[in-house]
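A.B. asks: Supplied in structure tokens, the structure appears directly below.
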Amino acid sequence: MRIYYVLTSLFMLFSVPLCAAEISTPALSGSASEPSAGLSLDVAISLALQANPELAIAISERDAVKGMQIQAATVPNPSLSTYIEDTRSSTRQTTIEVSQPFELGGKRAARVAAADVRYAVASTLIELKRAEIRAATMKAFYEVLIAQEHMALSQSLLELAQRVQSAASKRVKAGKISPVEEIKSKVAESTVKIELSQMAAQLATSRIKLSGFWGASLPRFSMVVGQLDLFPVVPQLAELHARQESSPAIKLAKLEIEQRESLVNIEDSKRTPDLTLSVGARRNEELGLNQAIIGLSIPIPVYDRNQGNLQEALSRTNKARDELLAIRVQQGTLLSAAFERYLVAKLEANILQADILPSAQSAYDSAVKGFEFGKFGFLDVLDAQRTLFYARSQYLNALLNGHLAIADINGIMGNAFNSGDTSITAPHQE
């Protein structure tokens with residue numbers, strides 16, 4: 001019948017085909033080229049951000065939310081219905097009807113707004129993940145750099161121990177000291193060798209940990225290169241707290257409130273019932289007539305007014321506001337603690353570099369020379385050596401603590417600081 005074909009054509013007009021561009025998602029591609037020679041901090045962070053699987057997961061989630069935005073903007077599909085009354089052809093009545101729901105109460109606009117906020121949340125999660133990866137990579141990088149310095153320190157102490165052992169051997173042969181002193185010097189040399197092997201194992205572990213941030217099972221780089229004795233410029237604590245509102249964690253908490261508010265708008269819009277318009281035609285074979293049909297239907301919200309879902313959405317919005325307050329306090333506390341650790345480490349490194357290390361080095365040099373000329377015993381040399389080793393180790397640990405604190409600040413704030421503080425300078429090591 002012509003009525004059937006007309007209504008079928010009308011139904012086809014309501015159908016919106018999906019194009020491939022709407023359902024396709026961009027493929028993630030990232031290539032990381034790890035250098036085989038020296039690895040700098042910037043290159044390490046770049047490698048981690050390119051190839052870290054956790055960041056790829058966050059990016060895929062954002063791409064998925066893009067599909068939610070597309071779906072939120074769609075309108076309800078029409079429906080086609082047909083009815084046949086009476087099986088006898090002479091008295092049969094055939095009805096064909098197209099029904100189109102119309103959303104009222106701003107439902108579509110509320111869905112689109114919620115999807116937009118969800119996309120902003122996914123983007124901020126990527127920013128937060130980048131900050132976490134950057135901070136973790138910085139920590140791993142400086143752990144490798146410190147391990148390298150400890151290796152160099154242990155190697156220099158081994159050379160000094162071998163020098164003392166050689167001097168003790170010569171004095172024993174000359175009959176100036178007891179052979180017991182030579183045995184003590186050999187024990188001291190062996191102890192340093194053990195410490196050197198421990199430092200080598202720690203360095204190997206630190207290198208594997210660092211390369212793991214860009215998915216490498218074994219590191220290709222031979223060493224990391226950086227200025228351990230230079231701290232980046234860190235703003236004052238008051239300025240850091242002032243900039244704290246723009247940190248990824250707090251931005252995410254604020255967006256969570258917006259997302260909850262958008263869900264409140266969605267649940268509130270559902271309180272308004274939707275209207276369904278029906279248009280069709282009826283063929284009465286007995287009378288030989290074609291009759292037009294127009295109908296409206298709307299639910300009556302007597303019992304279900306979506307009151308429970310609306311109350312839940314409002315309560316979760318209040319919860320998100322409370323979580324924002326808690327995150328502000330937590331982030332502020334962590335920021336203050338990291339800044340204090342940075343100040344303490346910087347002060348400790350300055351004191352060690354300016355006062356303790358030169359004195360320990362001078363005392364050790366004097367003890368070695370005095371031992372060679374017979375003015376001091378081996379115990380004096382050993383005590384001076386231990387003091388020097390402890391002072392240098394303490395200095396390296398202070399530098400490491402400072403850089404770890406700066407990495408924590410970067411992780412909280414979500415950005416990096418420019419290098420420029422030259423107040424810490426490494427002492428010369430023989």
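The values are calculated or read from the model by the stated rules, or taken from the named source; none is laboratory data. Because the structure is predicted, anything quoted here is derived from the model rather than measured. Here the Cβ is made from the backbone with ideal geometry for all residues, glycine too, and neighbour counts use every protein chain on show.
A.B. asks: Name the pairs: first residue in segment 308-319 and in contact (Cβ under 8 Å) with a residue 60 or more places away in the chain, second residue assigned to a helix (DSSP H, G or I) and not acidic (Asp, Glu), Cβ to Cβ under 7 Å, at least 6 apart or on different chains?
C.D. replies: Here the result reads Thr317/Ile257; Thr317/Arg260; Thr317/Val264, each pair linking segment 308-319 to a residue that is assigned to a helix (DSSP H, G or I) and not acidic (Asp, Glu).
A.B. asks: So how many residues does segment 250-288 have that are farther than 30 Å from Thr124 by Cα and assigned to a loop (DSSP other than H, G, I, E, B)?
C.D. replies: Residues flagged as farther than 30 Å from Thr124 by Cα and assigned to a loop (DSSP other than H, G, I, E, B) within segment 250-288 amount to 8.
A.B. asks: To continue, here is another question. If I go through segment 66-83 residue by residue, how many of them are of a type outside the set (Gly, Ala, Ser), assigned to a loop (DSSP other than H, G, I, E, B) and surrounded by fewer than 16 Cβ atoms within 10 Å (Cβ to Cβ)? So that I can check it myself, show each step before the final result.
C.D. replies: In the first step, residues of segment 66-83 are kept if they are of a type outside the set (Gly, Ala, Ser); the result is 66, 68-71, 74-78, 80, 82-83.
Filter once more, keeping what is assigned to a loop (DSSP other than H, G, I, E, B): 74-78.
Pick out the ones that are also surrounded by fewer than 16 Cβ atoms within 10 Å (Cβ to Cβ) and you get 74-77.
Residues in segment 66-83 being of a type outside the set (Gly, Ala, Ser), assigned to a loop (DSSP other than H, G, I, E, B) and surrounded by fewer than 16 Cβ atoms within 10 Å (Cβ to Cβ): 4 in total.
A.B. asks: Moving on to the next point. Across segment 364-410, what is the number of residues that are modelled with pLDDT of 80 or more and either within 16 Å of His150 (Cβ to Cβ) or crowded, with 19+ Cβ neighbours inside 10 Å (or both)?
C.D. replies: Going through segment 364-410 one residue at a time, the tally reaches 25.
A.B. asks: In addition: Does segment 226-241 hold any residues that are small (Gly, Ala, Ser) and part of a loop (DSSP other than H, G, I, E, B), and which are they? Step through it out loud before you land on a result.
C.D. replies: If we filter segment 226-241 for residues that are small (Gly, Ala, Ser), which is where we start, we get 226, 238.
Listed by number, the list holds a single entry, Gly226.
A.B. asks: Of all residues in segment 84-119, how many are surrounded by 17 or more Cβ atoms within 10 Å (Cβ to Cβ) and basic (Lys, Arg)?
C.D. replies: The qualifying residues number 3.
A.B. asks: Suppose we keep only residues that are surrounded by 13 or more Cβ atoms within 10 Å (Cβ to Cβ) and either out of contact with any helix residue (DSSP H, G or I) (no Cβ under 7 Å at 6 or more places or on another chain) or at pLDDT below 90 (or both) within segment 33-47. Which one would you say is nearest to Ala120 (Cα to Cα)?
C.D. replies: Taking segment 33-47 first, the residues surrounded by 13 or more Cβ atoms within 10 Å (Cβ to Cβ) are 34-35, 39-41, 43-47.
Those left that are additionally either out of contact with any helix residue (DSSP H, G or I) (no Cβ under 7 Å at 6 or more places or on another chain) or at pLDDT below 90 (or both): 34-35, 39-40, 43, 46.
Details: Glu34: 32, Pro35: 35, Leu39: 35, Ser40: 33, Val43: 29, Ser46: 24 Å.
Top of the filtered list is Ser46.
A.B. asks: Which of (1) outside any helix (DSSP H, G or I); (2) in contact (Cβ under 8 Å) with a residue 12 or more places away in the chain; (3) exposed (fewer than 14 other Cβ atoms within 10 Å of the Cβ) is the odd one out, the single condition Gln291 does not satisfy?
C.D. replies: (2)
A.B. asks: Still on this structure, please answer the following. Among the candidates Gln311, Gln291, single out the residue that is more than 30 Å from Arg118 (Cα to Cα) and of a type in the set (S, T, N, Q).
C.D. replies: On the way: Gln311 fails: more than 30 Å from Arg118 (Cα to Cα).
So the residue among Gln311, Gln291 that is more than 30 Å from Arg118 (Cα to Cα) and of a type in the set (S, T, N, Q) is Gln291.
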